[in-house]
1. Considering the range 2-49 alone, what residues qualify as being out of contact with any Leu (no Cβ under 6 Å at 6 or more places or on another chain) and among the charged types (D, E, K, R)?
2. Identify, please: which residue in the range 12-35 is among the β-branched types (Val, Ile, Thr) and not in a strand (DSSP E or B) and is, among those, farthest from the ligand (Cβ to nearest atom)?
3. What residue, of Glu23, Glu35, Glu40, is more than 9 Å from the chain's Cα centre (by Cα) and either in contact (Cβ under 8 Å) with a residue 24 or more places away in the chain or surrounded by 13 or more Cβ atoms within 10 Å (Cβ to Cβ) (or both)?
4. Out of the residues in the range 36-49 that are in a helix (DSSP H, G or I) and basic (Lys, Arg), which is farthest from the ligand (Cβ to nearest atom)?
5. Find the residue count for the range 1-11, including only residues that are of a type outside the set (A, V, I, L, M) and within 13 Å of the ligand (Cβ to nearest atom).
6. Output yes when any residue across the range 9-17 is among the charged types (D, E, K, R) and out of contact with any Ser or Thr (no Cβ under 9 Å at 6 or more places or on another chain), and no when none is.
Amino acid sequence: MSDFVLDPVCEMRFPKMYAVAVEEYEGALLYFFTERCRKEFQARPQAYL
Ligand SMILES: [Zn+2]
């Protein structure tokens, strides 16, 4: 069963099981494909919502 999610930073779709990090932001769960994307999101979350 593949459950796809969207990385908000690089806009890549990938299976949820491959996420390196999950962040909760304002009640929503965000999945990141790379640690770099997560750091980028944490630095400027408003740019990606
Ligand atoms: Zn990404």
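1. Asp3, Asp7, Glu11, Lys16, Glu24, Glu26, Glu35, Arg36, Arg38, Lys39, Glu40, Arg44, listed by residue number.
2. Checking each candidate, the answer is Val20.
3. Glu40
4. Out of the qualifying residues, it is Lys39.
5. Final tally of qualifying residues: 4.
6. yes
Readers should treat all values here as calculations from the given coordinates under stated rules, not as data from a laboratory. Keep in mind that what you see is a predicted model, and the values were worked out from it rather than measured. Using ideal geometry, Cβ is built from the backbone for each residue, glycine included, and neighbour counts are taken over all protein chains shown.
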